[in-house]
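Working notes for the structure below.
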Amino acid sequence: MTAVLADCERWKVWCRTVGSVSSPLWRRRSGRVSLLAARAYLDSGRADGALALAQQARVTARAADDLPTVLHADLVAADVWDAARPDSYDVPLKMLAQVRQRGGTSWIAATAAMLAANLSARRGDSESAVVLVTGGEFLAERLGAPEPGEYTSAHLAAFGASALVRAGLLAEARPRLEMAAFLAEAQGPGLRSAVQMYRSSAALTGGDRAQAAEHARAALGLSAGRPAAWLARSVLGQARRAGGKDGWEALAYRVAAWQMM
């Protein structure tokens, strides 16, 4: 993560040097660099920096008439708000509703529906979670192939499955988890480790602590070279749910050694 953040800082300097103020093309690039940096800050557990960079990306992208970057920045802002205030649902849900409305028929709008489904499920509103998941899936069926850098069907399957696991609907979640695991093989380690943690959560909800620990161990193996704050928090949270039994104590100890910036 240190290398990623250093690259983002260097790219931001390049954008300013080349002339992001005068050139619409470089303004768009500058907004996207700020967006990348915001995601990196969020992954490394630095919510304040992530929120400031997401706002910077949003302002720059609006000036350059770059709606996709504006919407992606709003997604990051919703994630940051949720990470910083996990018991406050109204603000991130409002942000995600705006992304769905402004995104129209797009991968970003479908993704916003899935993220909103996760928040609704965690809030205890299972009915809304199911409606949002099915709505996101229906929208995704109407979409063409995603552009590079966009969310994909693998992300939607993973996020939708996660929402259903959180809602306690394991029968509905399991086929989506299997699909997510299959589709994620073509993606990077971040999504693949997330899918393993969703499978871990499903196993834990079903009462199988040992199987849940196996999935969590696989997630940590995938992300060993790129430890992220969200993964450490997820493992520690599930270790508490498991009472530290069936291998969870060792997993919690392992992520405790990950020094997040």
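Look through Asp87, Asp48 and report the one residue that is surrounded by fewer than 18 Cβ atoms within 10 Å (Cβ to Cβ) and not in a helix (DSSP H, G or I).
Details: Asp48 fails: not in a helix (DSSP H, G or I).
After applying the criteria, what remains is Asp87.
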Legend entry - Scan of segment 73-103 for residues that are farther than 22 Å from Leu143 by Cβ and not charged (D, E, K, R), ordered by number: Ala77, Val80, Trp81, Ala83, Ala84, Pro86, Ser88, Tyr89, Val91, Pro92, Leu93
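Would you tally the residues in segment 51-70 being touching a residue at least 40 places away in the same chain (Cβ under 8 Å), more than 17 Å from Leu96 (Cβ to Cβ) and either in a helix (DSSP H, G or I) or not hydrophobic (A, V, I, L, M, F, W, C) (or both)? Steps first, please.
Pass one, segment 51-70, residues touching a residue at least 40 places away in the same chain (Cβ under 8 Å): 60, 64-65, 68-69.
Those still in the list that are more than 17 Å from Leu96 (Cβ to Cβ) too: 60, 64-65.
So of that shortlist, the ones also either in a helix (DSSP H, G or I) or not hydrophobic (A, V, I, L, M, F, W, C) (or both) come out as 60, 65.
Number of matching residues: 2.
Might you let me know whether segment 151-165 holds any residue that is surrounded by fewer than 17 Cβ atoms within 10 Å (Cβ to Cβ) and either under 23 Å from Ala113 (Cβ atoms) or outside the structural domain of Leu96 (by TED's automatic domain parsing) (or both)? Spell out the reasoning first.
The first filter runs over segment 151-165 and keeps only residues surrounded by fewer than 17 Cβ atoms within 10 Å (Cβ to Cβ), leaving none.
The answer is no; no qualifying residue exists.
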Inset, instruction - Would you check if Ala37 is assigned to a helix (DSSP H, G or I), touching a residue at least 12 places away in the same chain (Cβ under 8 Å), under 23 Å from Thr2 (Cβ atoms) and touching an Asp or Glu at 6+ places or on another chain (Cβ under 8 Å)? - result: yes
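Can you tell me which residues in segment 96-114 are among the hydrophobic types (A, V, I, L, M, F, W, C) and buried (at least 24 other Cβ atoms within 10 Å of the Cβ)?
Initially, segment 96-114 is screened for residues among the hydrophobic types (A, V, I, L, M, F, W, C), giving 96-97, 99, 107-110, 112-114.
Listed by number, the residues that qualify are Leu96, Val99, Ala110, Ala112, Ala113, Met114.
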Legend entry - Any hit, segment 115-136, residues being more than 12 Å from Leu164 (Cα to Cα) and exposed (fewer than 15 other Cβ atoms within 10 Å of the Cβ): no
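Does Ala3 qualify as being in contact with a helix residue (DSSP H, G or I) (Cβ under 6 Å, 6 or more places away or on another chain) and either buried (at least 22 other Cβ atoms within 10 Å of the Cβ) or without any contact (Cβ under 8 Å) to a residue 60 or more places away in the chain (or both)?
Numbers: in contact with a helix residue (DSSP H, G or I) (Cβ under 6 Å, 6 or more places away or on another chain): no; either buried (at least 22 other Cβ atoms within 10 Å of the Cβ) or without any contact (Cβ under 8 Å) to a residue 60 or more places away in the chain (or both): yes.
It is false that Ala3 is in contact with a helix residue (DSSP H, G or I) (Cβ under 6 Å, 6 or more places away or on another chain) and either buried (at least 22 other Cβ atoms within 10 Å of the Cβ) or without any contact (Cβ under 8 Å) to a residue 60 or more places away in the chain (or both).
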Inset, instruction - Report yes if some residue within segment 146-153 is out of contact with any Lys or Arg (no Cβ under 8 Å at 6 or more places or on another chain) and closer than 12 Å to Leu75 by Cα; otherwise report no. - result: yes
Inset, instruction - Scan (1) surrounded by 21 or more Cβ atoms within 10 Å (Cβ to Cβ); (2) over 16 Å from the mean Cα position of the chain (by Cα); (3) aliphatic (A, V, I, L, M) for the single condition Leu71 breaks and write down its number. - result: (2)
Inset, instruction - Scan segment 227-261 residue by residue and report those that are of a type outside the set (Gly, Ala, Ser), part of a loop (DSSP other than H, G, I, E, B) and in contact (Cβ under 8 Å) with a residue 24 or more places away in the chain. - result: Pro227, Lys245, Asp246, Trp258, Met260, Met261
Legend entry - Hits in segment 167-185 - residues which are out of contact with any Phe, Trp or Tyr (no Cβ under 8 Å at 6 or more places or on another chain), more than 17 Å from Thr205 (Cα to Cα) and touching a residue at least 12 places away in the same chain (Cβ under 8 Å): Met179, Ala181, Leu183, Ala184
Inset, instruction - Return the residue satisfying two criteria in turn: it lies in segment 215-226 and is surrounded by fewer than 19 Cβ atoms within 10 Å (Cβ to Cβ) and touching a residue at least 12 places away in the same chain (Cβ under 8 Å), and of such residues it is nearest to Ala38 (Cα to Cα). - result: Arg226
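The values are calculated or read from the model by the stated rules, or taken from the named source; none is laboratory data. Computed from a predicted model, the values in this text were never measured in an experiment. Here Cβ is always computed from backbone atoms with ideal geometry, including for glycine, and neighbour counts include all displayed protein chains.
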